[in-house]
1. Looking at region 51-66 only, could you name the residues that are in a strand (DSSP E or B) and either under 17 Å from Q28 (Cα atoms) or hydrophobic (A, V, I, L, M, F, W, C) (or both)?
2. If you go through region 67-106, how many residues are modelled with pLDDT under 85 and either in a loop (DSSP other than H, G, I, E, B) or of a type in the set (D, E) (or both)?
3. Which ones in region 13-50 are surrounded by fewer than 16 Cβ atoms within 10 Å (Cβ to Cβ) and without any contact (Cβ under 8 Å) to a residue 24 or more places away in the chain?
Amino acid sequence: AGNASAGKCCTVHVNTRGAVDCNAATKQKIRERFEKFGSVTDIHISLFHNGSTPKHFNVTFSDSDACNRCLQEWQTHHSSFKIGNDNAVTRLKLYRDLVPFSMPVEPPSNT
């Protein structure tokens, strides 16, 4: 099919060494880190995972090329791939056929 996936939105699942708080400051750090690869359309952080703060999140890009650039950087520079200054990314994988979340995502805050 060649480049048939280009233009489709694409999601990566990211695991981190430290906890990822579901708040605006964390989302901003994630956005700053991942927007270098392309347009970020959604950042999803679970509120809790097994009763504690999760160590993972999803980032959705508007096109699959951005996903590929992100994966490429992860593969070549994973030791320096961090969220903010301190939270190291321990695993990053592509959700090729991820269905959009059917669970309610928190509405964007107006603050």
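1. Answer for region 51-66, where residues must be in a strand (DSSP E or B) and either under 17 Å from Q28 (Cα atoms) or hydrophobic (A, V, I, L, M, F, W, C) (or both): H56, F57, N58, V59, T60, F61.
2. 11
3. Listed by number, the residues that qualify are N23, A25, Q28, R31, E32, E35, K36, F48, H49, N50.
The values are calculated or read from the model by the stated rules, or taken from the named source; none is laboratory data. On a predicted model such as this, the values are computed, not experimentally measured, just so you know. Note that each Cβ is placed from the backbone with ideal geometry, even for glycine, and that neighbours are counted across all protein chains shown.
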